[in-house]
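Right, one structure below, let's go through it.
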Amino acid sequence: MITQASPQTEESMDTGKPAPSRTASIGTRSRVSNKALDDRGFSETVGDITVDQPRMQTRDVNVYYGDKQAIKDVSLDIGRNEVVAMIGPSGCGKSTFIRCLNRMNDTIEGCRVTGTITLDKQDIYDPTLDVVQLRARVGMVFQKPNPFPKSIYDNVAYGPRIHGLVSSRMETDEIVQRSLERAGLWSEVKDRLTSSGTGLSGGQQQRLCIARAIAVSPDVILMDEPCSALDPIATARIEELIDELRENYTIAIVTHSMQQAARVSQRTAYFHLGDLVEVGETNQIFTNPRHRLTEDYITGRFG
Amino acid sequence: MTDGKLITGAELAASGSWHGSPQTQRRLRKRQAAEKRFRAYGLVAILMGVSFVALLFFDIVAKGWTAFMQTHIQLEVTYDPEVLGIADSGDTQALSRANYTGMVKAAMRKTFPNVSGRRAKRALYGTVSSGAGFVLRERMMANPDLLGSTEKLWLPADDDIDMLLKGHIRRDAPESDRRVSDQQIAWVEQLEQSGQIRKQFNTTFFTAGDSREPELAGIRGATTGSFYTLLVTLILSFPLAVAAAIYLEEFAPKNRWTDIIEVNINNLAAVPSIVFGLLGLAVFINFFGLPRSAPLVGGLVLTLMTLPTIIIASRAALKSVPPSIREAALGMGASKTQMITHHVLPLAMPGMLTGTIIGMAQALGETAPLLMIGMVAFIVDVPGGPLEPATVLPVQIFLWADSPERAFVERTSAAIMVLLGFLILMNALAVVLRRRFERRW
């Protein structure tokens, strides 16, 4: 399924069309102007896709659902201790993109991924790599809060238990407390750890899901519109939390709210119809977008 | 309108708007009438269904409740060594073969000393159940010291006498039209006057196996047979069906083969059950040489029959587990097996169990396939295991319904009541399970 194109390959394989003339080499690419627009109003990604200390790198990633191509030749670095926000109109492929980063797309039938994705220089689509290990390193928080219908304690303890990180009740207690504290939920639930996780409010449930994700000490946390089902107060609480988590984790977040992207992220990537249109410092994207599509989107002309 | 007064429909009509016109009013009335009619149709359908069910239950209970009482006659019996033909009370073989019927006859002669002539005597002996001797034998075997003593005992009356007392045989009918003679009625009336005949709770019905004599027949053999059959069915069908459902729902690729399998499972659920019986006869009995009439074979056949039901219910239960739970588990780095065993199965289990219980209830009421594998035989002994010949409750009902004796009519109804009781119990259990374990997420 996976074409292991080396990062230096000038052709994107499996797509059947000639590769764009740009080089996809990691680390050296700088700004490109967007003079030659194709019919989509897009030729190549504007802005610097690289960072100095990348945690994850994606190069020429294409995703197909059956015959339909969901994202096209996306290359992007995700740096250490930074929050990268993916924005774009619905159906632009931003969720599909982050679901590639921990291979959640594997669970979707007919989904095919080509290109290279690495985590700390290791190809995550390497057939010898165990996807269970990968997902322990790249955690995920979903759009709809989805705690297990178990107790709050068991929700958080689940990951450490299945990965064998804990051997005694005391260690589990400690990890549960630390994770809930980091997720800012400890003070609210410490007296009712045995009650069901599904009995919490929406915002609390989402923080429980974050606590559950960080309980296994992942390197990267992927968040797929984590606040879209929450009210503004709960959203603010999660955003604060994301900012705090940045110290220890790399975070990739998909959001529909441009304000949220502006508030929580350091870098922003704008997706449009499966293309990665523009990448840049969040400040620059929102104050001085270089691509016309980005500008149209953030000024509210569409999307 | 500014002064807060509401206007009437007539005023609206007068204002010239079509909203209040006579045509609109007519349409409105017509629509309202149509809605009332529509609701009435549904109500009528429900009422008809409920009344038919009520009629059925009333009929069964009205016919069957008397079977739970049985007429008994009090006799003064003497354990006379001479009549019994026993010399030594320590000889168990002699005890078991002794002439207890003779003892009953002697007791009857003592109660009615004036009866003479062979025919009259035979009619007299016929008022007591031919199984009364067994009661005496049991007492004697349990306590051999009774030899030589005399005691008053309530012994079961013959089924015709029982029917007479329950009013199913009318005393005022001409003698030639009833199975009880005038003479016998006179004896019964004599016993009634002396308080030596009464109806008491029919324990035999629950403790005995089948019998040709209605007053000695019970459902113990059939319920035990049903129990073993269902046990075999449950042990085989539940794990098989759950495993099949999990594979089809969670692992199987969606291609032509799995489509064919799915269609066939759905079709199997609609195959007439007698076909499964024929299959069981051909495969399990003729080919594998398993014993006939055995609950093991019955269970195997019913497994084939209930498998599709449980598989379909289990798949529906698995499908109803929200994908967000699966994603959460996979996102945490759970393997597919862990996702299924830790999260999906516990959530799907109530639905699977409900399906299983409903399948079991279906199997409990199934008759046709069991006829084919010989579970319709007349079997008196209560089966001691799944390999011994047995029958099951619905087949027992079928057998009794076929019997000519009047007393089997009420026993048929009583057995139906017991069967329905089990079915209601099982369905109630399914409801309770669903309520108890239903989770919200």
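The values are calculated or read from the model by the stated rules, or taken from the named source; none is laboratory data. Since we're looking at a predicted model, the values are computed, not measured. Here the Cβ is made from the backbone with ideal geometry for all residues, glycine too, and neighbour counts use every protein chain on show. Only protein heavy atoms, including side chains, enter the accessible area calculation; ligands, DNA and RNA are left aside. Shrake-Rupley method; radii C 1.70, N 1.55, O 1.52, S 1.80 Å.
Screening the candidates A:Ser75, A:Ser95 for the property of being of a type in the set (Gly, Ala, Ser), surrounded by 19 or more Cβ atoms within 10 Å (Cβ to Cβ), within 14 Å of the chain's Cα centre (by Cα) and more than 14 Å from every other protein chain (Cβ to nearest Cβ) yields one hit, A:Ser75. Among the helices (runs of 4 or more DSSP H) confined to region B:1-107, the ones with at least 3 residues that are touching a residue at least 12 places away in the same chain (Cβ under 8 Å) are located at B:22-64, B:81-84, B:92-97.
Of all residues in region B:240-252, those being open to solvent by 70 Å² or more (accessible area, probe 1.4 Å) and free of Cβ contacts under 8 Å to residues at least 60 places away in the same chain number 1.
Consider region A:138-159 and keep the residues that are within 18 Å of A:Val220 (Cβ to Cβ) and not in a loop (DSSP other than H, G, I, E, B). The one that is farthest from the chain's Cα centre (by Cα) is A:Gly159. Of all the residues in region B:384-431, those that are closer than 16 Å to B:Gly359 by Cα, among the hydrophobic types (A, V, I, L, M, F, W, C) and surrounded by fewer than 21 Cβ atoms within 10 Å (Cβ to Cβ) number 10. So which residues in region B:165-220 are assigned to a loop (DSSP other than H, G, I, E, B), aliphatic (A, V, I, L, M) and surrounded by 15 or more Cβ atoms within 10 Å (Cβ to Cβ), if there are any at all? Once the filter is applied, which keeps residues that are assigned to a loop (DSSP other than H, G, I, E, B), aliphatic (A, V, I, L, M) and surrounded by 15 or more Cβ atoms within 10 Å (Cβ to Cβ), region B:165-220 yields B:Ile169, B:Val180, B:Ala208, B:Ala217, B:Ile219. Taken across region B:90-102, residues that are under 28 Å from B:Met140 (Cβ atoms), touching a Phe, Trp or Tyr at 6+ places or on another chain (Cβ under 8 Å) and open to solvent by less than 60 Å² (accessible area, probe 1.4 Å) do occur, with at least one present. Quick check on my filter: what residues within region A:144-154 are within 14 Å of A:Ala213 (Cα to Cα) and within 9 Å of another protein chain (Cβ to nearest Cβ)? Of everything in region A:144-154, those that are within 14 Å of A:Ala213 (Cα to Cα) and within 9 Å of another protein chain (Cβ to nearest Cβ) turn out to be A:Pro145, A:Asn146, A:Pro147, A:Phe148.
Residue by residue, here is whether (1) more than 25 Å from B:Phe58 (Cβ to Cβ); (2) among the aliphatic types (A, V, I, L, M); (3) in the same structural domain as B:Asp162 (by TED's automatic domain parsing) holds:
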residue: B:Ser335; (1), (2), (3): yes, no, no
residue: B:Met349; (1), (2), (3): yes, yes, no
residue: B:Ala361; (1), (2), (3): no, yes, no
residue: B:Glu366; (1), (2), (3): yes, no, no
residue: B:Thr391; (1), (2), (3): yes, no, no
residue: B:Trp400; (1), (2), (3): no, no, no
residue: B:Glu405; (1), (2), (3): no, no, no
residue: B:Ala414; (1), (2), (3): no, yes, no
residue: B:Met426; (1), (2), (3): no, yes, no
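A residue that is in contact (Cβ under 8 Å) with a residue 40 or more places away in the chain, under 21 Å from A:His291 (Cβ atoms), part of a strand (DSSP E or B) and away from every other protein chain (no Cβ under 14 Å) cannot be found anywhere in region A:47-56. Out of A:Arg178, A:Arg135, one residue alone is part of a helix (DSSP H, G or I), modelled with pLDDT of 90 or more and either open to solvent by 30 Å² or more (accessible area, probe 1.4 Å) or over 29 Å from A:Leu200 (Cβ atoms) (or both). It is A:Arg178. Scanning region A:160-175 for residues that are open to solvent by less than 30 Å² (accessible area, probe 1.4 Å) and either within 12 Å of another protein chain (Cβ to nearest Cβ) or modelled with pLDDT under 90 (or both) turns up A:Pro160, A:Val166.
Look at region A:57-82: where a residue is in a loop (DSSP other than H, G, I, E, B) and a partner is basic (Lys, Arg) and open to solvent by less than 30 Å² (accessible area, probe 1.4 Å), sitting 6+ places away or on another chain with Cβ atoms under 7 Å, you get A:Glu82/A:Arg267. Taken residue by residue, region B:360-370 has no member that is buried (at least 17 other Cβ atoms within 10 Å of the Cβ), closer than 19 Å to B:Gly218 by Cβ and in contact with a Gly (Cβ under 9 Å, 6 or more places away or on another chain). Only one of the listed residues (A:Gly66, A:Gly47, A:Gly27) is open to solvent by 10 Å² or more (accessible area, probe 1.4 Å) and modelled with pLDDT under 85. That residue is A:Gly27.
For every residue, the table says whether it meets (1) under 30 Å from B:Lys152 (Cα atoms); (2) charged (D, E, K, R); (3) touching a helix residue (DSSP H, G or I) at 6+ places or on another chain (Cβ under 7 Å).
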{"site": "B:Lys5", "(1), (2), (3)": "no, yes, no"}
{"site": "B:Ala14", "(1), (2), (3)": "no, no, no"}
{"site": "B:Ser17", "(1), (2), (3)": "no, no, no"}
{"site": "B:Arg27", "(1), (2), (3)": "no, yes, no"}
{"site": "B:Phe38", "(1), (2), (3)": "no, no, no"}
{"site": "B:Ile46", "(1), (2), (3)": "no, no, no"}
{"site": "B:Val50", "(1), (2), (3)": "no, no, no"}
{"site": "B:Ala62", "(1), (2), (3)": "no, no, no"}
{"site": "B:Thr71", "(1), (2), (3)": "yes, no, yes"}
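Do we have any residue at all in region B:418-430 that's without any contact (Cβ under 8 Å) to a residue 12 or more places away in the chain, within 14 Å of chain A (Cβ to nearest Cβ) and either closer than 23 Å to B:Gly277 by Cα or not aromatic (Phe, Trp, Tyr) (or both)? Scanning region B:418-430, I find no residue that is without any contact (Cβ under 8 Å) to a residue 12 or more places away in the chain, within 14 Å of chain A (Cβ to nearest Cβ) and either closer than 23 Å to B:Gly277 by Cα or not aromatic (Phe, Trp, Tyr) (or both), so the answer is no.
Pairs are defined by a Cβ separation below 6 Å, a sequence spacing of at least 6 or placement on different chains, a first member in region B:117-143 that is farther than 17 Å from B:Trp154 by Cβ, and a second member that is charged (D, E, K, R) and part of a loop (DSSP other than H, G, I, E, B); the pairs so defined are B:Gly126/B:Asp158. Scoring B:Asp145 on the criteria (1) modelled with pLDDT of 85 or more; (2) assigned to a helix (DSSP H, G or I); (3) over 22 Å from B:Thr204 (Cα atoms) leaves a single failure, condition (1). Can you tell me which residue within region B:280-299, out of those that are in a helix (DSSP H, G or I) and either open to solvent by less than 40 Å² (accessible area, probe 1.4 Å) or more than 26 Å from B:Ile235 (Cβ to Cβ) (or both), is farthest from the other protein chains (Cβ to nearest Cβ)? Across region B:280-299, the extreme among qualifying residues is B:Ile285.
Going through (1) in a loop (DSSP other than H, G, I, E, B); (2) open to solvent by less than 50 Å² (accessible area, probe 1.4 Å) one by one, B:Pro113 falls short only on (2). Under the condition of being open to solvent by 30 Å² or more (accessible area, probe 1.4 Å) and either within 9 Å of chain A (Cβ to nearest Cβ) or assigned to a helix (DSSP H, G or I) (or both), the residues counted in region B:314-344 number 11.
Filter region A:98-122 down to the residues that are assigned to a loop (DSSP other than H, G, I, E, B) and open to solvent by 20 Å² or more (accessible area, probe 1.4 Å), then identify the one that is farthest from the other protein chains (Cβ to nearest Cβ). Looking at the filtered set, the residue picked out is A:Lys121.
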